[in-house]
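Down below is the structure, laid out as structure tokens.
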Amino acid sequence: MTIALFIVLLIAGTAAVIAPLARRPVAWPADPPDRRDDVARAVSSLRDLEFARAAGTIASVDYTRLRASLERDAFARRAPEPRRAAPVPTLVAGALIAAVAVGAAVFFLPPSAGDRAPGETVTGTVPQTDALAALEARASAKPGDVPTQLALADAYVQAGRPKEAIPRYQAVLANDPNNVAALDGLALILVASGSNDGAIVAADRVLAQRPKDPDALFVKGLALYAKQDWNGAVDVWTVYLDVGQYHFGSEMVRGYYADARAKAGR
């Protein structure tokens, strides 16, 4: 009986899709752009821009220009996309796929769902827990879990809370003094806060293990540039630009690299 009902529903669904197409073309619906995506991307870019400004790695005029551009683009209205005629094979295939999915749900979902409390959904509910809070809870429960501690430290940095990331990186280094991820993260925070000597020490510990680590080369070059060690910055960034052409800071470094070369007379 269930199989017969499924076949009837499949035929009826297919006919319902094909019948209107025989009379007139159907406009293919265009999904409206979600402006929240533009705003989210702009916020992320603005956060990176603020971090670069705090680190002193971007000129004031460039900062002002880029910030105005990001704020303008985030709220710019896009022109609506023209509607197109719907491809008939696509609609037919979509109807068939939907029918098969419904059939699979009818046959397989009830046995696999098992017992559930009254009022509970068949598939259960997914708690929408704040990602940072979840990381904090997991890190507190497992203080020796290095990946979790590193993930929490990185999350603090992304959230603009670098001071809270420092003890997490230090906790990792207490158990693993040569952990590259923790050293790189700590070095970036130090150079952003103006602790150039500390940043160089952390970067050098990474470079002793991985001489061409892009993050360490990037930070060390920034610290040397801030200390006006033009030759040192040029030497470090020469290697960095060779191995880190796709690194997030490569475009920014090229300008400072040219400036350091000019000041070093090279």
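Things worth noting here:
- Seen from ALA165, the other residues with C-beta closer than 13 Å to its C-beta sum to a net charge of -1, counting Lys and Arg as +1 and Asp and Glu as -1.
- When every Cα-Cα distance of segment 117-266 is counted in 10 angstrom steps from zero, the calculated P(r) takes the values 11, 34, 28, 15, 7, 4, 1, 0 percent.
- Relative contact order (percent, whole number), segment 137-186, Cα cutoff 8 Å, 6+ residue spacing: 29
- Since only GLY221, ALA262, THR238 are under comparison, the one whose Cα sits farthest along the positive direction of the charge dipole of segment 213-266, derived from C-beta charges on Lys, Arg, Asp and Glu, is ALA262.
- Taking other residues whose beta carbon is less than 12 angstrom from the beta carbon of ASP213, and scoring Lys, Arg as +1 and Asp, Glu as -1, yields +1.
- When GLU136, GLU251 are compared by accessible area at a 1.4 angstrom probe, the order from most to least is GLU251, GLU136.
- For ALA264, the shell of other residues with beta-carbons less than 15 Å away shows a net charge of +1, using +1 for Lys and Arg and -1 for Asp and Glu.
- Exceeding the 30 Å Cα-Cα cut-off - candidates LYS142/LYS163; LYS212/LYS263; LYS142/LYS212: LYS142/LYS212
- Structural size metrics of segment 154-239, computed from C-alpha coordinates, are Rg and Dmax of 12.4, 36 Å.
The values are calculated or read from the model by the stated rules, or taken from the named source; none is laboratory data. No experiment lies behind these values; they were computed from the predicted model shown. Counting neighbours? That spans all protein chains shown, and the Cβs are built from the backbone with ideal geometry, glycine included. Surface accessibility is based on the protein's heavy atoms, side chains included, excluding ligands, DNA and RNA. Shrake-Rupley method; radii C 1.70, N 1.55, O 1.52, S 1.80 Å.
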